[in-house]
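Asker: Sharing a structure with you now.
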Amino acid sequence: MTVGNESREASAHRGSAENRRQRRFKTNEAQVLACRIELPNEDANAGTVVDLSNNGMRLLSNGQFRVGQQIRVIMETDLPTEEFVGEVRYIEPWVGGQTILGCSLNENIGDDVLHTLADQGFLNRRSDPRIEVTHPAKMFWPLHPDRIDIELRDYSNGGLMIQTDVVIPDDKRLRVCIDCEDDTDFCVETKLQWKRVTDKGCIAGLAFVHGDAPQRVASVLGINVPGDEDAGKRKSGRGLRTALFFGLAVVLLLVAGLAVLQFSGNNSSWGMIFSR
């Protein structure tokens, strides 16, 4: 009986340790991930996803909850999984009468869901950091030669997030033209990755088509991104340090060799040795 209890406790400890090792991804503050929290035999509550991992999430809501309560979470966006069922594990009071719920899930959130949330701009799983910007620009695409007004919302080495009042058609190559200080336009080719239509307009994620686009766009927006010139300087500096290191090593070996000759009774002068 004791062995069984110890086994269960060890298993629970291992499970909690595994849960702590799960990486948590915070949602984007600039793009709130709204959700609906449903309880058995009770009215649903509106909520916001604060962060999530493969086996849990934290939610912010005005509703009343208790630890151990079964909940169903439906996120208000298109996802491969429609709903997430879990249990309230802890409750934290928050400002304005709101509550933060720490929830475990009955089934793990798949990587396809996390990738979709990242592609839609709700979640950042990318290695490239996203930099928030606010900059006016224009955009047009094939069969729509008239430029539409857009606003750049953020920048990364992979692309841009934009907002516009016009609903962008699916599967389109989009040409973005950014206003410059000298009254000229800088244009860059992009392709639509995702879009979301809200009451505030259309929010979309665009990917750069050409490899030199990130540095060129960063330059126009005044964002400091290491470019090829900086990389060349770093490479040149490493080469100079390597040459100095090997030169010093040769001198030390030569000095050591001369010392050995002196101790061995060879009276050759230093000048004679270097003149050979």
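Asker: Restricting the search to segment 56-90, which residues are closer than 22 Å to Phe122 by Cβ and in a loop (DSSP other than H, G, I, E, B)?
Answerer: Residues satisfying the conditions are Asn62, Gly63, Glu76, Thr77, Asp78, Leu79, Pro80, Thr81, Glu82, Glu83.
Asker: Quick check on this structure: which one of Gly102, Gly96, Gly68 is outside the structural domain of Ala204 (by TED's automatic domain parsing) and under 24 Å from the mean Cα position of the chain (by Cα)?
Answerer: On the way: Gly96 fails: under 24 Å from the mean Cα position of the chain (by Cα); Gly68 fails: under 24 Å from the mean Cα position of the chain (by Cα).
The match here is Gly102.
Asker: Give the residues of segment 40-68 that are without any contact (Cβ under 8 Å) to a residue 24 or more places away in the chain and charged (D, E, K, R), sorted by residue number.
Answerer: Answer for segment 40-68, where residues must be without any contact (Cβ under 8 Å) to a residue 24 or more places away in the chain and charged (D, E, K, R): Glu42, Asp43.
Asker: Further question: Can you tell me which residue in segment 116-133 is modelled with the lowest pLDDT, limited to those that are closer than 18 Å to Phe208 by Cα and either polar (S, T, N, Q) or assigned to a helix (DSSP H, G or I) (or both)?
Answerer: So, considering only residues that are closer than 18 Å to Phe208 by Cα and either polar (S, T, N, Q) or assigned to a helix (DSSP H, G or I) (or both), the one modelled with the lowest pLDDT is Ser127.
Asker: Yes or no: Lys200 buried (at least 16 other Cβ atoms within 10 Å of the Cβ), out of contact with any Asp or Glu (no Cβ under 7 Å at 6 or more places or on another chain) and charged (D, E, K, R)?
Answerer: In short, no.
Asker: Turning to a different aspect of this structure: For segment 155-164, indicate whether the set of residues that are touching a Cys at 6+ places or on another chain (Cβ under 8 Å), in the same structural domain as Asn45 (by TED's automatic domain parsing) and among the β-branched types (Val, Ile, Thr) is non-empty.
Answerer: No, segment 155-164 has no match at all.
Asker: Looking only at segment 149-172, how many residues end up being outside any loop (DSSP other than H, G, I, E, B) and within 18 Å of Trp194 (Cβ to Cβ)?
Answerer: Residues that pass the stated criteria total 12.
Residue-wise test of (1) among the acidic types (Asp, Glu); (2) assigned by TED's automatic domain parsing to the domain that holds Asp111; (3) within 28 Å of the chain's Cα centre (by Cα); (4) modelled with pLDDT of 85 or more.
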residue	(1), (2), (3), (4)
Lys26	no, yes, yes, no
Leu33	no, yes, yes, yes
Asn45	no, yes, no, yes
Val49	no, yes, yes, yes
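The values are calculated or read from the model by the stated rules, or taken from the named source; none is laboratory data. Because the structure is predicted, anything quoted here is derived from the model rather than measured. Glycine gets a Cβ as well: all are built from the backbone with ideal geometry, and neighbour counts include every protein chain shown.
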